[in-house]
Amino acid sequence: MASQTWNDADQYWEIASEPRLRLLHTASTSLRSQLASKREALEVERQAVKRVLCKLDTSLNELQPVNLLPSDVLTHIFLLVKESFAESLKPFTSSIIKPKIFPPRWFSLVHVCKRWRSEALSLPSLWCHLTTSMGPKALKEFIRLSQDASLSLVLENKRYKNTTERLDLIFVPGVLDRTQQLVVAYGRLGPKPQLYIPYLAHPMPRLESFIYRHAARDAEPPNNLFNGIAPRLKSLVLELLPGLPQPSYLFRNLRVFSLITGTSTGAFAHAPSSRLFELLETMPLLECLELRNTLPAEPFTPYYALPLPRPHLKTLILEGPILACICVVRAFHLPRDCATDIDCDASATSVEAFDGLVDALCNAGLGGIAPRTLLIRSHSRGNFHLTAYADAVEPEFLRARSGYEPREPPAPIFGVYIRGLAVVDNSSIPSLITTVCKQIIPLERLEALSISIDMAEFQMTGGPTASSELTELWHSLLGPCSHLHDVACAGAPAYVLLRELAATREASRFLPTLKLLIFDEDNLSR
């Protein structure tokens with residue numbers, strides 16, 4: 001057994017143990033003067049123990065490699081740790097920007113050791129996220145520790161006690177002047193939100209992102225938002241507004257614009273298309289545009305000028321009636337690789353309306369998107385969902401009805417979802433797939449395919465129309481793909497594929513690189 005080393009603690013106890021034992025065994029009937037001396041002796045002992053333990057703790061900490069890290073590296077680690085606790089804030093629904101909050105679990109950083117505490121408390125950017133979930137005392141301390149750093153203010157969509165006291169700490173010029181991100185849920189502005197809405201007209205010279213959820217009818221955001229002074233504003237997300245915002249010079253530097261309302265609210269005043277395009281004209285630098293259920297109302301008046309060139313646009317998301325989507329798409333000239341996601345309500349419209357949407361996308365400049373993964377779904381009559389991804393995905397992601405969701409699902413580069421087409425059955429769906437793929441998303445790089453189409457005509461009666469449409473789809477469009485190696489299918493396409501694989505004598509031309517074939521038997525009739 002290794003011999004024990006003699007340290008400061010051993011030396012202390014060698015000196016202090018005997019007097020301490022005598023004090024502990026003194027009779028309880030000691031005189032008051034003796035009790036006073038006992039207290040003094042115990043206080044000396046307590047201070048000595050504290051000094052020894054602190055010295056030991058310091059000597060051990062000095063041996064830890066983490067304490068050899070420079071301050072800038074250590075503080076960067078602190079910021080990464082804090083970021084790892086981030087949570088998305090609900091009920092905000094934008095697909096482009098997800099506001100985040102940071103639960104207080106990361107506060108344990110300041111309790112690890114003296115150096116960590118000192119470094120953390122001296123790092124203003126660590127304390128710059130303020131939310132109404134904090135108590136008034138915490139808000140004051142965060143504002144103090146953040147010094148002059150830019151702030152993120154989040155008014156959560158929850159009710160808390162002392163809401164007015166918390167809001168009074170946030171809505172002050174000294175805080176608003178430093179605000180870089182502002183997230184406001186109108187319904188949580190206390191019992192009298194009208195008192196705080198006027199603060200949105202205060203100049204915010206550092207503001208870069210503003211996310212606002214209205215959800216009320218008794219007050220609207222001020223027309224002179226930020227008094228027109230927010231020169232750094234790049235991201236604007238507006239949810240549940242009663243109508244379109246007024247065009248403003250404030251929007252000239254916007255990179256992200258999102259205007260969203262629900263399908264069931266019925267409170268949004270749909271404006272003519274000319275009003276929407278007048279608003280979008282003030283945003284020449286847009287990179288992401290999201291319009292959900294806020295598209296122009298009928299009749300769809302033609303735009304009075306040439307299509308708006310938006311060379312920087314990387315993402316376009318539209319949701320609404322199919323004719324309104326066509327109207328908006330026709331107003332733009334888009335980059336060929338703009339990631340586009342369109343969710344259309346095609347109720348009471350014919351298949352020709354879908355052809356009009358594809359033509360509008362092509363005329364807008366969209367095309368040449370070569371995906372490596374393609375997902376196609378049509379599980380009810382008149383509904384059609386096609387999504388294309390730039391990257392290959394895990395095989396489980398391809399299963400038609402597995403319910404599998406990867407931890408980080410890939411971002412689509414093209415998506416179209418059509419609901420309610422006025423069709424007798426889904427026999428026209430294969431031709432819609434062919435139209436999209438031939439005009440917008442060529443399949444020369446396709447590696448993985450998942451296709452599931454509910455075609456009752458074929459599955460129930462063996463109707464010739466569905467059979468011929470699917471046969472043509474496999475042979476002319478999907479079969480020749482020279483890189484397609486993973487295929488998952490269900491419903492009518494699975495029957496046709498099985499038949500073609502069994503009948504074909506030209507295996508080198510039909511799915512020549514096939515390696516994995518998945519049939520979703522839960523969706524196959526027996």
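Values quoted throughout were computed directly from the atomic coordinates according to the rules given, and no laboratory measurement underlies them. These figures come from a predicted structure and were not determined experimentally. Note that each Cβ is placed from the backbone with ideal geometry, even for glycine, and that neighbours are counted across all protein chains shown.
Couple of notes before you dig in:
- In sequence order, region 105-114 has phi-based couplings of 4, 6, 4, 4, 4, 7, 10, 6, 7, 5 Hz under the Karplus curve 6.51 cos²θ - 1.76 cosθ + 1.60, θ = phi - 60°, and Gly or Pro positions carry x.
- 16 Å reach of a label modelled at Val66, 7 Å along Cα-to-Cβ, counting backbone N of region 107-147: 107-121
- Förster radius 51 Å - calculated FRET efficiency between Lys114 and Lys314, Cβ distance, rounded to 0.05: 0.60
- Environment charge at His312 (Cβ cut-off 11 Å; Lys +1, Arg +1, Asp -1, Glu -1): +2
- Treating r as the C-beta distance of Ile229 and Ile96 and R0 as 22 Å, the FRET efficiency rounds to 0.35.
- Using the average count of surrounding beta-carbon atoms within 10 Å as a protection proxy, the listed peptides 145-152, 36-43, 284-291 rank, highest first, as 284-291, 145-152, 36-43.
- 25 Å Cα-Cα threshold exceeded, pairs from Lys140/Lys192; Lys137/Lys192; Lys50/Lys140: Lys50/Lys140
- Length added when fully stretched, Lys140-Asp355, from 0.36 nm per residue minus Cα-Cα: 71.6 nm
- Counting charges near Ala392 (Lys, Arg +1; Asp, Glu -1) among other residues having Cβ under 9 Å from its Cβ returns a value of -3.
- Förster radius 22 Å - calculated FRET efficiency between His385 and Leu501, Cβ distance, rounded to 0.05: 0.30
- Extended-chain gain in nm, criterion 0.36 nm per residue less alpha-carbon gap, Glu87 and Asn162: 24.6 nm
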